Amino acid sequence: MTVGAFVVGVILITIHLLTNQILPSDRIKRDRWLSFSGGIAAAYIFVYVLPAFHEEQASLQDTDGLAMESELYFVGLIGMLLFFGIQNIVNRSLNKSEKESDTAQVKVIENRVFWVQIIFFSIYNMLISFVVIQSQVQGIQVAFYSSAIGLHFFAVAHDMWRENSEMYNKYGRYVLAAGIVIGWLVGSFITFNTLVLAIIFSFISGAMILNVIKYEMPEEREAHFKWFLTGAAGYATIVLMLKFFFDW
């Protein structure tokens with residue numbers, strides 16, 4: 001594990017544990033912050049994740065002789081569909097709880113939904129942490145990963161806290177942080193071949209695209225466009241400069 005990967009991991013764990021202490025309590029300031037974060041997430045998807053998809057697919061096409069030119073895109077689609085399916089189940093369960101008149105039953109349904117989300121997002125965190133460790137990030141890449149993925153985790157954690165703050169503060173944030181630690185450990189002691197790493201990257205990228213759209217694209221009534229634009233344009237400019245000067 002590089003020092004950079006260790007620093008990224010510590011930052012991501014801290015975000016899950018302290019998200020709601022870090023975010024502004026004022027509604028307007030919080031919405032501006034989340035709009036800015038959403039802009040960065042959108043830029044991260046379009047100027048880094050999607051081009052990385054293409055590079056991974058082209059690399060495997062040359063070295064492993066894959067049959068088509070879209071295998072990794074298909075894996076990304078599976079990641080997106082899986083997380084969309086889970087979210088669909090969650091929404092159906094929440095709608096069912098709203099129709100229940102029995103308070104105790106409503107609480108049971110909400111807690112069950114909460115644990116489904118937490119378990120899947122802890123796996124999500126584990127895979128992201130694993131990819132970061134395997135990427136051997138160092139130097140300026142630490143700031144790059146910490147800002148993009150960290151702000152993404154801010155939005156996800158805040159949304160889950162908003163849905164069930166009591167359970168999130170009591171259990172959820174620790175389970176999510178544990179997912180990052182597990183990804184750390186696996187990435188530090190186990191090395192997979194290039195094909196397996198590309199599949200994991202593609203799967204988690206597909207899930208990330210969905211989660212960015214769901215959690216980080218601000219709703220129209222809550223959006224602050226100039227903050228969203230600032231985040232997107234500023235981050236895209238930085239990434240393009242890094243690609244040009246450091247050949248990322």
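Within the assembled protein chains, the solvent-accessible surface assigned to Arg173 is about 40 Å², based on a 1.4 Å probe. Counting only protein heavy atoms and using a 1.4 Å probe, the accessible area of Leu185 comes to about 90 Å². Here the convex hull built on the C-alpha positions of the range 171-214 has a volume of 72 cubic angstrom per residue. Given R0 = 41 Å, the distance between the Cβ atoms of Leu18 and Val196 translates into a calculated FRET efficiency of 0.75.
Given a 1.4 Å probe and the protein chains as shown, Trp184 ends up with an accessible area of around 40 Å².
Note on Thr230 and Ile89: their simple-model spin labels are 4.1 nm apart, each label 7 Å out from Cα toward Cβ. For the set Ile40, Ile238, solvent exposure ranked by accessible area (probe 1.4 Å, protein chains only) runs largest to smallest as Ile238, Ile40.
Can you tell me how much longer the chain between Leu81 and Leu50 gets when fully stretched, taken as 0.36 nm per residue apart minus their C-alpha distance, in nm with one decimal? Walk me through the numbers before you get to the answer.
On the way: separation 31, 0.36 × 31 = 11.16 nm, distance 1.71 nm.
Gain on extension, Leu81 to Leu50, equals 9.4 nm.
Extending 7 Å from Cα along the Cβ direction at Tyr171 and again at Ser59 yields two label points whose distance is 3.9 nm.
The values are calculated or read from the model by the stated rules, or taken from the named source; none is laboratory data. Remember, predicted model here, so these are calculated numbers, not experimental data. Note that we place each Cβ from the backbone using ideal geometry, even for glycine, and neighbour counts take in every protein chain shown. Accessible surface is based on the protein model in full, side chains and every heavy atom, while ligands, DNA and RNA are left aside. Shrake-Rupley method; radii C 1.70, N 1.55, O 1.52, S 1.80 Å.
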